[in-house]
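A short worksheet on the structure shown next.
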Amino acid sequence: MPQQPLAQVPVDATWEWQEHGACREADTALFFHPQNERGLSRVRRDRAAKSVCGRCDVLSIHAPDLPST
């Protein structure tokens, strides 16, 4: 999903869920694959990222923004 410029972010957008997300303390590299990552390393990283999301208390708030896999 393309990121919107700040001028286009709705005034009523809420971001406080980010302060409580399980991903807040996780390494960001877990959620963004390196260029040309393939095979088992990508599968392992993807599973690890999904396990962080799986234990997240705010997933129901963030879920509409997630890509379907």
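The values are calculated or read from the model by the stated rules, or taken from the named source; none is laboratory data. These figures come from a predicted structure and were not determined experimentally. As a convention, Cβ positions derive from the backbone with ideal geometry for all residues, glycine included, and neighbour counts pool all protein chains shown.
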> What number goes with the only condition from (1) surrounded by 10 or more Cβ atoms within 10 Å (Cβ to Cβ); (2) at pLDDT 85 or above that His62 does not pass?
Replying inline: (2)
>> Take the residues in segment 1-31 that are surrounded by 10 or more Cβ atoms within 10 Å (Cβ to Cβ) and of a type in the set (D, E, K, R); name whichever of them is modelled with the highest pLDDT.
In response: Asp27
> Restricting the first residue to segment 1-29 and requiring it to be farther than 12 Å from Cys56 by Cα, which pairs with a second residue that is modelled with pLDDT under 70 and surrounded by 10 or more Cβ atoms within 10 Å (Cβ to Cβ) meet a Cβ separation below 7 Å and a spacing of at least six or different chains?
Replying inline: none
